[in-house]
1. Based on what the data block shows, is Leu109 surrounded by 11 or more Cβ atoms within 10 Å (Cβ to Cβ), under 21 Å from Leu65 (Cα atoms) and either over 26 Å from the mean Cα position of the chain (by Cα) or modelled with pLDDT of 90 or more (or both)?
Amino acid sequence: MSGRGFTFAPSRQGFTLVEVLMSLALLAMLLLALNQFILSMGELWGGNRQRRLFDQHVRAVTHYLEDLLQRGELAPEPDRRLRLVASVVPGVGQGPLLTFDLPAGDRLLPWPDRPLPDVQCALDVVPGGGLLLYWQSRWELDFDRAPPRRTVISPLVERLEYEYFRPDNHTWGTQPPPPSDKRAPPKLPTRLRLHFQHGHFAADEVVLVPAVVSALPVF
């Protein structure tokens, strides 16, 4: 009895020289494309660095100002909450300034050991000087005589506008505070508009002015 034999095809033991060269060429092209992609992303990321820093500064200043106004409206005495007051100090403000008291002070106000309490503050924009915070503690002996200190909140703010809502035509106006009689203080704006400028970067941010709250009744 004879068996039928099987014939096996010869197996390949490796790649040919042509295949190896083609693989190396493809790998080189892939690495070159990946390198160009990484370099282009690095240039794009580095080129946008100033814009990102500018946007971060705008957001930080806006959030800080919102927090300031919220705390200013929570002062215990009604006459020390948010209000428009014309400065009596020469060279401080060209009109009524948004003024408020911070009963616990603030971390940005430099003072030995810890911030003084009962600090009267006012916001102003000085051309070339940015957004300023005038401040002075009521505990200081020369509170009624000495000019207030000032802290730069942002050197990039070029303009601060008071905006009022016009219910007659449902629009916003940025004119100065409307006139009021001598017995009533100027009307508070509904919101503030800050214009930031740094080189060719610009941004406008709106900060809502907290509504005047009434004191809780004393029982």
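The values are calculated or read from the model by the stated rules, or taken from the named source; none is laboratory data. Keep in mind the model is a prediction, meaning the values are calculated, not measured. Counting neighbours? That spans all protein chains shown, and the Cβs are built from the backbone with ideal geometry, glycine included.
1. On the way: surrounded by 11 or more Cβ atoms within 10 Å (Cβ to Cβ): yes; under 21 Å from Leu65 (Cα atoms): yes; either over 26 Å from the mean Cα position of the chain (by Cα) or modelled with pLDDT of 90 or more (or both): no.
Criteria not met by Leu109.
Results for (1) assigned to a strand (DSSP E or B); (2) aromatic (Phe, Trp, Tyr), shown as yes or no for each residue.
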residue	(1), (2)
Val88	no, no
Phe100	yes, yes
Asp106	no, no
Arg114	no, no
Pro117	no, no
Leu131	yes, no
Tyr134	yes, yes
Leu141	no, no
Leu160	yes, no
